[in-house]
Structures are given as C-alpha cells and as structure tokens.
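Derivation of every value follows stated rules applied to the coordinates shown; laboratory data play no part. Predicted model only: the values in this text are computed from it and were never measured. So basically every Cβ, Gly included, is an ideal-geometry build from the backbone, and we count neighbours across all protein chains shown.
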Amino acid sequence: MKITIEELPESRIAYFRNVGEYGEKQNKKLMENFKKWAKLNGVFDDSIILGIPRDNPEITPKEECRYDVCVVINKDFNVTKPAHIGEFSGGKYAVFLLDHTKEAVSEFWGNIFSEIERNNLSIREQPIIERYTSQMIDNHLCEILVPIQ
C-alpha cells in the first residue's frame with residue numbers, strides 16, 4: 001500500500017449524522033441524503049467530504065454508534081437544516097487511496113495495522129476517517145485517513 005502523510009487543518013464542517021449500527025446500507029442512505037443537501041446548498045462540487053465514525057463498536061452499543069458525513073465549509077457559510085455545524089480537529093494523518101469497493105475496503109482493513117507498523121508509524125486516539133471529493137466519487141475512489149503521532 002502506498003502511504004502519503006498529510007497535516008490537515010482544523011476546519012468548520014456541516015454534517016449529517018446517523019445513530020445506530022454501522023453498515024453499508026445505513027451509510028449509503030445517509031450519504032445520498034447528504035449529497036442532495038450539499039448539491040442544493042452549492043457545497044458539493046469541488047468540496048472535501050469526510051465520513052467519520054464517532055464511536056468504537058467494540059465499546060459502544062451498536063444502537064448508539066454515531067457516524068457523520070461532513071463537508072468542509074468556510075466560516076461564512078450559512079448552514080441550513082437538516083445539517084448541523086461542527087468542527088473537524090485536523091492533525092497528522094497517513095493517507096491511503098483505494099478503490100471504493102467492498103473488496104478493496106475489506107483488504108485495506110485486513111492490512112492496515114501491519115502497514116502502519118511496517119512504516120514505523122503510531123496511531124493516535126482519533127477516528128480513522130474516509131475522505132472524498134466529488135471527482136473521487138465519480139471515479140469510485142476514496143481515501144482512508146489514519147490519525148498518526
């Protein structure tokens with residue numbers, strides 16, 4: 001796997017949240033609703049979209065797990081309902097580009113921790129997130145960002 005390292009700035013975000021068990025079906029519906037809102041509000045094209053699991057399903061009951069899909073917005077953007085306003089804390093990340101397929105994502109999760117170790121990196125206590133641009137979505141690609149020290 002090819003790794004790039006990025007320092008991401010703290011950012012203002014608009015987000016939609018799903019509460020409940022993580023899964024493809026739930027996330028797909030959330031993303032579709034979010035994309036409609038983002039397009040209607042002019043923040044979909046040329047934007048940075050983040051998928052952030054807020055809870056560890058090994059610790060948090062599955063019905064309480066939170067998953068946010070977000071778009072980075074400028075400080076002057078007026079966020080309309082049903083979106084919420086939040087902050088992305090930023091920081092240093094190991095970035096992995098992959099095909100946005102079930103197989104590629106599954107392979108990624110099977111290898112990620114050995115890749116982090118092999119590259120002498122250490123993970124910090126933040127969620128592992130997904131990052132998309134509208135162009136990446138059109139080309140069925142995504143990036144997985146692993147928070148590192």
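May I ask you to list the trypsin sites (Lys or Arg not before Pro) in region 1-80 that are in a DSSP loop and have at most 16 other Cβ atoms within 10 Å of their Cβ?
Numbers: sites: LYS2, ARG12, ARG17, LYS25, LYS28, LYS29, LYS35, LYS36, LYS39, ARG54, LYS62, ARG66, LYS75; in loops: LYS2, ARG54, LYS75.
Answer by residue number: LYS2, ARG54, LYS75.
Counting only other residues whose beta carbon sits under 15 Å from that of GLN149, what net charge do I get with K and R as +1, D and E as -1?
On the way: positive: LYS92, ARG124; negative: GLU6, GLU7, GLU117, GLU125.
Every neighbour counted, the sum reads -2.
Give me the net charge for the shell around PRO57: Cβ to Cβ below 13 angstrom, other residues only, Lys and Arg +1, Asp and Glu -1. Spell out each step's value before the answer.
Working: positive: ARG54, LYS62, ARG66; negative: GLU21, ASP55, GLU58, GLU63, GLU64.
It works out to a net charge of -2.
Among the GluC sites (Glu not before Pro) in region 1-51, which ones are in a DSSP loop with at most 12 other Cβ atoms within 10 Å of the Cβ? Mind listing them? Write down the numbers at each step before the final one.
Numbers: sites: GLU6, GLU7, GLU10, GLU21, GLU24, GLU32; in loops: GLU10, GLU21.
Those satisfying the criteria are GLU10.
What shape does region 62-127 have by the C-alpha gyration tensor, where a ≥ b ≥ c are the square roots of the eigenvalues, rounded means a/c under 1.5, and otherwise prolate means a/b greater than b/c and oblate the rest? Present the calculation step by step, with values, prior to reporting the outcome.
Details: a/c = 2.22, a/b = 1.75, b/c = 1.27.
Taking the square roots of the gyration eigenvalues as a ≥ b ≥ c, region 62-127 is prolate.
For ASP76, ASP68, what ranking results if the residue with the fewest other Cβ atoms within 10 Å of its Cβ goes first? It would help to have the intermediate numbers written out before the result.
Numbers: ASP76 6, ASP68 21.
If I rank by nearby Cβ atoms, fewest first, I get ASP76, ASP68.
Using a cut-off of 9 Å between beta-carbons, work out the net charge of the residues near ARG12 (Lys and Arg +1, Asp and Glu -1, ARG12 not included). Don't skip to the answer; put the middle values down first.
Details: positive: LYS75; negative: GLU10, GLU87.
So the surrounding residues net to -1.
Given a cut-off of under 8 Å on Cα pairs at least six residues apart, what relative contact order in percent is computed for the chain? Walk me through the numbers before you get to the answer.
Numbers: 260 pairs, mean separation 49.1, N = 149.
Over the chain, the number comes to 33 percent.
Per-residue ellipticity at 222 nm for the chain, helices alone: DSSP H runs ≥ 4 residues times -39500 (n - 2.57), over residue total, nearest 500 deg cm²/dmol?
Values: 3 runs with 39 residues, N = 149.
Helix contribution divided over all residues of the chain: -8500 deg cm²/dmol.
Return the label of the correct value of mean projected area of the Cα convex hull in nm², as calculated from the structure shown, out of [x] 8.8; [y] 9.7; [z] 7.9.
So the structure-derived entry is [x].
Could you size up the charge dipole of the chain around its Cα centre, putting +1 on the beta carbon of Lys and Arg and -1 on that of Asp and Glu, and report it in debye to the nearest 20? List each step's numbers first, then the result.
Details: 19 positive and 24 negative charges, 91 e Å.
Here the chain has a charge dipole of around 440 debye.
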